[in-house]
Amino acid sequence: MTIIVGLVAALVGLILGGVGMMVYNKKVVSDQANAIIEEAKAKGEVIKEKRITQAKEKFQEMKGKHDHEVNERNQKLLSAENRIKQKESSLNQKFEEVKRDRQDLERKQQKLDSQLEVYNSKLEELNRDREKQVELLEKVAGMKAEEAKAQLVETLKAEAQTAAMAAINETVEEAKMQADKQAKKIVIQTIQRVATEHTIENAVSIFNIESDEMKGRIIGREGRNIRALEAATGIEIIVDDTPEAIILSGFDPVKRETARLALHQLVTDGRIHPARIEEVVGKTKKRLEEEIIEIGKRTAIDLGIHGLHPELTRMVGRMKYRSSYGQNLLQHSREVANMCSIMAAELGLDPKKAKRAGLLHDIGKVPDEEPELPHAILGMKMAEKYGEKPDICNAIGAHHDEIEMTTMIAPIIQVCDAISGARPGARREIVESYIKRINELEAVGLAYPGVTKTYAIQAGRELRVIVESDKVSDAQADTLAMEISQKIQDEMTYPGQVRVTVIREKRAVAYAK
């Protein structure tokens, strides 16, 4: 019995212990679970705050982009509105001018009409007086007017022939005296007309940039960068509304090349400020001067010319950056040198002297200074100064007949110079940078019905549109001008403004068969 009781007690104790252990384990697990939950809540709060911060930053970034886009759109709208206002103002001014001109024309027409009536009345009165005088003269002279006219014509014919011969002889003599003067005048006018087409090509260089944003960095704050660049290079830098391009203007091609290379290095490097500009321009000048000397040496070696004075060698190198009517001066001089050598050899003369004179014949076009002398005379003086032989100097000075030719190689230089400059394709007479834009401009006008021809003039700043008078009325011509100008503004990129002029005229043509 005692054993049973002990077993029961032990069993009860085990049960109670197990229950107590279970209660204790449950409490421990509950505490651990609470701790894990608290930790998870803390981590959740941290993650929540991080996500909120990221969302705020993303929102601020998107808001900044949106504000930037809105500002850009507003600027574009404002710019377009300003252009429209300017064009409206210009159109109003032109309308007022046309209105005043029309009123002036009407007043002049009325005045002319009244004067014409007076003239007609006086003309009728004069005709009546003339008839009376003819009748009176016929009575006094005893012959008809036709007989008197024939007699007078015969008398005047002989006198006129004598006077005409005297006038002809006098004119011929005067023409002989003025022939030389007139010939020079014609040549000068021809040169001026030809040179006008090449002024832009020979006086400017185009520096292309990737975007118009770079223009602001090149100009700098209050223009200090561009002023520093102009002062360092001696070249005028034009930053206008030409898309993605900057114009370097100056008559010295070496200075223009220095400015172009320096600007290229500054844009590539990205550091653009006055101190950096002076440093880069100085290094570019030194490097370009070394390159010029190397070009001169290499040219002399290629042609087999030895013993050139270092200054003459430098002048030959400078020819690379000089052009004449679109023809590179160094290539032209090399051509002349080679042709002179061949021609001299065929004539039994010294080909080396001829080649030397041919290479140096235009060095007067590339001096450091610009004295008021013809380039042939200046080149001759430079050759004399640097120790060239008298026959070489004479050939240089006489190749444009400024001095008398005293050697046999002088006419060879003159002939070969003319051959090199006159061969087809040697000297270009077009401005390639405008061709594409001008063609597009003319094509825009031709796309409209009733248009027969279009002409882009003034380097593409004006478009003349010729229409058929039977298909386009005056009112339609005004509308057509507005439509073409609007289409050009919407579809094309161009500097400044383009004037559209629609011309409508009526031509009456008949043939006598």
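The values are calculated or read from the model by the stated rules, or taken from the named source; none is laboratory data. Nothing here was measured: the structure is a model prediction, and the numbers come from that model. No Cβ is skipped: glycine too gets one built from the backbone with ideal geometry, and neighbour counts run over all protein chains shown. Areas reflect the complete protein model, heavy atoms only, side chains present, ligands, DNA and RNA absent. Shrake-Rupley method; radii C 1.70, N 1.55, O 1.52, S 1.80 Å.
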If you go through the range 189-198 one residue at a time, do you hit one that is surrounded by 10 or more Cβ atoms within 10 Å (Cβ to Cβ), touching a Gly at 6+ places or on another chain (Cβ under 7 Å) and either at pLDDT below 60 or under 27 Å from Pro367 (Cβ atoms) (or both)?
yes
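Ser485 - would you say it is open to solvent by less than 60 Å² (accessible area, probe 1.4 Å) and over 30 Å from Asn82 (Cα atoms)? Steps first, please.
Values: open to solvent by less than 60 Å² (accessible area, probe 1.4 Å): yes; over 30 Å from Asn82 (Cα atoms): no.
It is false that Ser485 is open to solvent by less than 60 Å² (accessible area, probe 1.4 Å) and over 30 Å from Asn82 (Cα atoms).
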Those residues of the range 488-513 that are touching an Asp or Glu at 6+ places or on another chain (Cβ under 9 Å), loosely packed, with under 15 Cβ neighbours inside 10 Å and over 26 Å from Asn82 (Cα atoms) come to a total of 1
Could you list all residues from the range 442-463 that are open to solvent by 60 Å² or more (accessible area, probe 1.4 Å), of a type in the set (D, E, K, R) and assigned to a strand (DSSP E or B)?
Lys453
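Every residue, every condition in (1) farther than 30 Å from Leu359 by Cα; (2) at pLDDT below 85, yes or no:
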residue	(1), (2)
Gly425	no, yes
Lys436	yes, yes
Leu441	yes, no
Val451	yes, no
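Which residue out of Leu248, Leu308 is assigned to a loop (DSSP other than H, G, I, E, B) and open to solvent by less than 40 Å² (accessible area, probe 1.4 Å)?
On the way: Leu248 fails: assigned to a loop (DSSP other than H, G, I, E, B).
After ruling out the rest, the residue left standing is Leu308.
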Are any residues in the range 291-305 open to solvent by less than 90 Å² (accessible area, probe 1.4 Å), of a type in the set (Val, Ile, Thr) and assigned to a helix (DSSP H, G or I), and if so, which ones?
Ile292, Ile293, Ile295, Thr299
I need the full set of residues from the range 325-350 which are over 31 Å from the mean Cα position of the chain (by Cα) and open to solvent by 10 Å² or more (accessible area, probe 1.4 Å), in order please.
Asn338, Met339, Ser341, Ile342, Met343, Ala345, Glu346, Leu347, Gly348, Leu349, Asp350
Filter result (modelled with pLDDT under 75 and of a type in the set (D, E, K, R)) within the range 223-243:
Asp240, Asp241
What is the number of the single condition among (1) within 60 Å of the chain's Cα centre (by Cα); (2) of a type outside the set (Gly, Ala, Ser); (3) modelled with pLDDT of 85 or more that Asp113 does not meet?
(3)
Can you find even one residue in the range 93-106 that is open to solvent by 80 Å² or more (accessible area, probe 1.4 Å), more than 30 Å from Val498 (Cα to Cα) and free of Cβ contacts under 8 Å to residues at least 24 places away in the same chain?
yes
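Condition test on Lys65, is it closer than 30 Å to Thr479 by Cβ, modelled with pLDDT of 85 or more and open to solvent by 80 Å² or more (accessible area, probe 1.4 Å)?
On the way: closer than 30 Å to Thr479 by Cβ: no; modelled with pLDDT of 85 or more: yes; open to solvent by 80 Å² or more (accessible area, probe 1.4 Å): yes.
Spelling it out, it is not the case that Lys65 is closer than 30 Å to Thr479 by Cβ, modelled with pLDDT of 85 or more and open to solvent by 80 Å² or more (accessible area, probe 1.4 Å).
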Quick check: anything in the range 49-63 in a helix (DSSP H, G or I) and either under 26 Å from Asp490 (Cβ atoms) or touching a residue at least 40 places away in the same chain (Cβ under 8 Å) (or both)?
no
